[in-house]
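The values are calculated or read from the model by the stated rules, or taken from the named source; none is laboratory data. This one's a predicted model, so the numbers in the text were calculated from it and none came from an experiment. We place every Cβ from the backbone using ideal geometry, glycine too, and count neighbours over all the protein chains shown.
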Amino acid sequence: MEGMNDGELMARMRSGDRGAFSDLIDRHKNMLVNYLTRLTGCRDRAEEYAQEAFLRLYQSASRYHEQGQLLPYLYRIATNLVRSDERKKRRWLFLSSAFSRNGHGDEPSPHSQLLAAEIKEQVHLALSNLPTHYRAPLILREIEDWSYQDIAKAVGCREGTVKSRINRGRSQLRELLEPYMNGGGK
């Protein structure tokens, strides 16, 4: 089924072709898991969310109408799974401090590698403190390099709202990272 676009694979999937579904998974699983890993900060959780997203895509195949937007549709399913889980658990809303953990490893390494690892950890922790409605568009734009239009479709809002959320997310991220970048702690 190589050469088929996503819409053709979805049509075959609706008619009961399990191979088409397998091809869709193979085509998109790595990108989706990488996105979800960045969104959740945990590869294992990301893989679970991706499996659930593909299952829901399969279950909703009869309701899907091809408009060349399968990937944003799939990412919207996945993002909504994360949002729903976070609402239930309130996990990210009540984190103590993004800078309370130390991310150093045991192995000695050059100063620049330590600094880069520490910065990455601090950015990751600060990102994890952002509400999902800011974090998801920010990751899709800055890391995944998606267009505002595709982000809007994936998260289920208008482009203007996406731009606003990205701007607010950047602002909150700067605020969270300010104490670290100025050489102090909280």
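Every residue, every condition in (1) over 21 Å from L125 (Cβ atoms); (2) in contact with a helix residue (DSSP H, G or I) (Cβ under 8 Å, 6 or more places away or on another chain); (3) modelled with pLDDT under 95; (4) surrounded by fewer than 18 Cβ atoms within 10 Å (Cβ to Cβ), yes or no:
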| residue | (1), (2), (3), (4) |
| --- | --- |
| R14 | yes, yes, yes, yes |
| Y49 | no, yes, no, no |
| R56 | yes, yes, yes, yes |
| S62 | yes, yes, yes, yes |
| P72 | yes, yes, yes, no |
| F94 | no, no, yes, yes |
query = Is it true that K163 is over 15 Å from the mean Cα position of the chain (by Cα) and either not assigned by TED's automatic domain parsing to the domain that holds Q69 or not in a loop (DSSP other than H, G, I, E, B) (or both)?
reply = yes
query = Among the numbered criteria (1) within 18 Å of the chain's Cα centre (by Cα); (2) buried (at least 20 other Cβ atoms within 10 Å of the Cβ), which single criterion is violated by K120?
reply = (2)
query = Residues that are over 22 Å from the mean Cα position of the chain (by Cα) and on the phi < 0 side of the Ramachandran plot: which helices (runs of 4 or more DSSP H) entirely in segment 1-88 hold 3 or more of them?
reply = 6-14, 18-40
note = Checked pairs for segment 165-178, first surrounded by 15 or more Cβ atoms within 10 Å (Cβ to Cβ), second basic (K, R) and modelled with pLDDT of 90 or more, C-beta under 8 Å and 6 or more apart or across chains, list as G169/R135
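Conditions (1) farther than 20 Å from I151 by Cα; (2) touching a helix residue (DSSP H, G or I) at 6+ places or on another chain (Cβ under 9 Å); (3) among the β-branched types (V, I, T), marked per residue:
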{"residue": "F21", "(1), (2), (3)": "yes, yes, no"}
{"residue": "I25", "(1), (2), (3)": "yes, yes, yes"}
{"residue": "K29", "(1), (2), (3)": "no, yes, no"}
{"residue": "L32", "(1), (2), (3)": "no, yes, no"}
{"residue": "Y35", "(1), (2), (3)": "no, yes, no"}
{"residue": "G41", "(1), (2), (3)": "no, yes, no"}
